[in-house]
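The values are calculated or read from the model by the stated rules, or taken from the named source; none is laboratory data. Remember, it's a predicted structure, so these values are computed and weren't measured experimentally. Please note: Cβ atoms are built from the backbone with ideal geometry, for glycine as well, and neighbour counts cover all protein chains shown.
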Amino acid sequence: DCAISPKSIVNDACASYSTLERLNRKVKPAVDDLTKETDFFSYYRLNLFNKACPFWNDENGMCGNIACAVDTIDNEEDIPKIWRASELGKLEGPSAKHPAKKVQKERPQRPLQGLLGENVGESCVVEYDDDCDERDYCVPEDESASAKGDYVSLVHNPERFTGFAGEGAKMVWDAIYRENCFQKSSFPHSASLGGQSSRQGSAAQDFRNVLQKMERQQLQQQHHQNPSTSFAQTGLENEDECLEKRVFYRVISGMHASISSHLCWDFLNQTTGEWQPNLKCYTERLHTHPERISNLYFNYAMVTRAIAKLGPHLQDYTFCTGDPEQDAETKAKVLAVTDGAMSVPQIFDESLMFQNGEGPSLKEDFRNRFRNVSRIMDCVGCDKCRLWGKVQTAGYGAALKVLFEFDNDSGEIPELKRTELVALFNTYARLSSSMQAVSNFRSMVEEEEEGQ
Ligand code: FAD
């Protein structure tokens, strides 16, 4: 039985670091092909500029202004303008306006049931202002009634170093981790929305510290010395915290690790203007924190499972582009990815979550907290970082929805919007390239050690 329990997460035989790396080497070309070479998956529609940060006043400079984004080097005045954080964070490439509202009104009625809805043909071009489904783990991008988003090219705006750092970035990460502070039995959602109390902050910090200390001790040697060791048998079982809370933390930390690996891999030396991998950046943020790498692999296993579970439902999906040949091509590329994800034994067993003890009551809590994380993305004071933060929280939200809200044995299957599909596959692509970057960095560390 190769299913991973989210508790121990791993069965040695099936989901060691090396097993997941092998899977990634096999599937990555198809994932890249899908996300870089099809229109359907390379444009994301979102409302990037018109939503205010709901948690603090970003007009007053804590996270919304340029100053908070530029403190990675001593004096940005000394470097060419195009290498400055404010420039690196800007969006590039073509972006299209959302089609007029009039068109939306002509929408055909879609049945509520059926995974992706029937008559989904329209979804390629126009996104409708559907109401939020109570099973969503993410605030849908098209939630707000009036201001609608634009299509942004994900290919022209790769996730990489932007120089966004300092107090602004710290506030956002702190707020995100604060959402991990579940409380027993009741769900203090409104308290968490404010999210600023020191009690909550310190509880989240304590939890993180305990977890990190335990994991660090156990993983310190493992990953570096023997990539075939399991990546997540981390002693979490002994922890006082319940499974669901630990999974929540791992998803967030894994996303953070993935962002770090991209910015370290695609790093701009702001004094020479050269884009290159930055080994020091990797060593400080990831290599010396093996539990973060473990959480990245955890996310890869989890999203792989969601994509495998979704696979059969995508067989009949119409990726209408107005051109039947292109539709067929897009579908073939999607199925190449889902087939790859389905080619391994089930590597994540979601059925163990929300079952025992306080598990069932935690589901709503878990979902609401994840929605809050998606709202926090409006507080990210760098356009490109906000774009990818939104894509990835929507992607994890879609994965969680597939894992925890889809009962394949019943007809009760929530719909996935086009934005959710695009976010899910692009998040998978992000994880896939993070895994590759970490592998490459690991070889660089080994080479450096051998040379000493
Ligand atoms: P940070 O990465 O800011 O981490 C803050 C603290 O969190 C650390 O001190 C550590 O205690 C803890 N921590 C760090 N990593 C983990 C982990 N994996 N798990 C658990 N705890 C951890 N910058 C870019 O250059 N390009 C981007 O595309 C980009 N996207 C971003 C998207 C979002 C949503 C946010 C909030 C920030 C983004 N940033 C981006 C900024 C980047 O993530 C860092 O915040 C910045 O580089 C400063 O890094 P730091 O070393 O201060 O630590």
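Remarks
- Close pairs from region 164-178: first aliphatic (A, V, I, L, M), partner within 6 Å of the ligand (Cβ to nearest atom), Cβ under 7 Å, at least 6 apart: 172/380
- Subset of region 152-186 that is at pLDDT 90 or above and among the acidic types (Asp, Glu) - its residue that is farthest from the ligand (Cβ to nearest atom): 174
- Any hit, region 408-419, residues being in a helix (DSSP H, G or I) and among the polar types (S, T, N, Q): yes
- Residue within region 271-284 that is modelled with pLDDT under 95, of a type outside the set (Lys, Arg), in contact with a strand residue (DSSP E or B) (Cβ under 7 Å, 6 or more places away or on another chain) and over 21 Å from residue 366 (Cβ atoms) present: yes
- When each of 350, 364, 358 is tested for being in contact with a Cys (Cβ under 7 Å, 6 or more places away or on another chain) and acidic (Asp, Glu), the lone residue that passes is 358.
Condition check ((1) in contact (Cβ under 8 Å) with a residue 24 or more places away in the chain; (2) part of a loop (DSSP other than H, G, I, E, B); (3) in contact with a strand residue (DSSP E or B) (Cβ under 8 Å, 6 or more places away or on another chain); (4) within 16 Å of the ligand (Cβ to nearest atom)) across all residues:
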{"residue": "295", "(1), (2), (3), (4)": "yes, no, no, yes"}
{"residue": "298", "(1), (2), (3), (4)": "yes, no, no, yes"}
{"residue": "302", "(1), (2), (3), (4)": "yes, no, no, yes"}
{"residue": "336", "(1), (2), (3), (4)": "yes, no, no, no"}
{"residue": "339", "(1), (2), (3), (4)": "yes, no, no, no"}
{"residue": "351", "(1), (2), (3), (4)": "no, no, no, no"}
{"residue": "364", "(1), (2), (3), (4)": "yes, no, no, no"}
{"residue": "370", "(1), (2), (3), (4)": "yes, no, no, yes"}
{"residue": "376", "(1), (2), (3), (4)": "yes, no, no, yes"}
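- Residue in region 262-276 that is in a helix (DSSP H, G or I), more than 9 Å from the ligand (Cβ to nearest atom) and among the small types (Gly, Ala, Ser) present: no
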